[in-house]
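Since every read-out is calculated from the coordinates, none of them should be taken as a lab result. Only a predicted model underlies this, so the values are computations on that prediction, with no experimental measurement involved. When we count neighbours, we look across all protein chains shown, and the Cβ atoms used for this are built from the backbone with ideal geometry, even at glycine.
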Amino acid sequence: MRDHITGVVQGRGGPARRDVIARTLWVCAEVITTVGVVVALLVVHQVWWTNRQAVAAAREQVRALEREWVGSPGGPAAEASGVPPSGLPSAPSGDAEPAAPPSPPRSAAATARTAARPARDQAYAVLRIPRLGLVVPVAQGVDKRAVLDKGYAGQYPGTARPGAQGNFALAGHRNTHGEPFRYINRLRGGDELIVDVQGRRYTYVVGKTLNETTERDTGVIAPVPRSVVKPDQGYSEPGPYITLTTCTPEYTSKYRLVVWGTLKS
């Protein structure tokens, strides 16, 4: 009798247990599917939508700069008249000062050395890389939210002005948010890196590439750029340099990829 009762109880409990397991599996499958859809949407937003937004905003910023430069004191009209442009936007002044006699035209390098710094996070220049078909605004600073996530190239604080002696060093995203530096690994020696700043154009020529270094390798953006991780990579003589840095490998931020160039004489 005891065995019979045991058998009856097991017979009644089996389907119920299977129902619980089936419902549990179904709920788990729904949760996994929902999570998968959410992750996929996040990936689409991060990789596609942020690119679309940043690229559109960056292009509009380039157009805004070009409109601002036309007819401005440092624009093409001023340069044609023989009055040297300021090179970079000047800080607002207080009381008006007496007008000074026109100064003789100066070289681009001299103008770059004496120009005022633009405001932090402000786009003030345009970088053009013909080989990559890239046209991107350049702003002061490398803050992600304020500069890089806008699809801009950001100038490292404390580095040289465009065209000046020293190292004009830039950072840019390789993936997402406009990814302006995604393909800088394709640059080769002799490729041009053109920087426009309020009526002035500075043309650099790619000289060297460092395929991989650590994020703490500050030597790559030094006034005379030279890797402290790989001391055989870089330069040893002072000069007007440009440096482009971005993350590598793609879709990671583990290492840094570096491209160096020198100002074309």
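Do any trypsin sites (Lys or Arg not before Pro) in the stretch 185-265 lie in a loop, going by DSSP, with at most 11 other beta-carbon atoms within 10 Å of their beta carbon, and if so which?
Qualifying residues, ordered by number: Arg188, Arg216, Lys254.
Can you put Ser227, Ser253, Ser265 in order of Cβ neighbours within 10 angstrom, beginning with the fewest?
Ser265, Ser253, Ser227
Of all the Cα-Cα pairs you can form in the stretch 178-247, what percent are over 14 Å apart?
Working: 1529 of 2415 pairs.
For the stretch 178-247, the share of Cα pairs beyond 14 Å comes to 63 percent.
Scan the stretch 209-260 for chymotrypsin sites (Phe, Trp or Tyr not before Pro) in coil per DSSP, keeping those whose Cβ has at most 10 other Cβ atoms within 10 Å, and list them by number.
Values: sites: Tyr235, Tyr241, Tyr251, Tyr255, Trp260; in loops: Tyr235, Tyr251.
Passing sites in the stretch 209-260 are Tyr251.
Using DSSP to define loop residues, name the GluC sites (Glu not before Pro) in the stretch 185-223 whose beta-carbon has at most 13 other beta-carbon atoms within 10 Å. Numbers along the way, then the final one.
Working: sites: Glu192, Glu212, Glu215; in loops: Glu215.
Of the GluC sites (Glu not before Pro), the ones in loops of the stretch 185-223 whose Cβ has at most 13 other Cβ atoms within 10 Å are Glu215.
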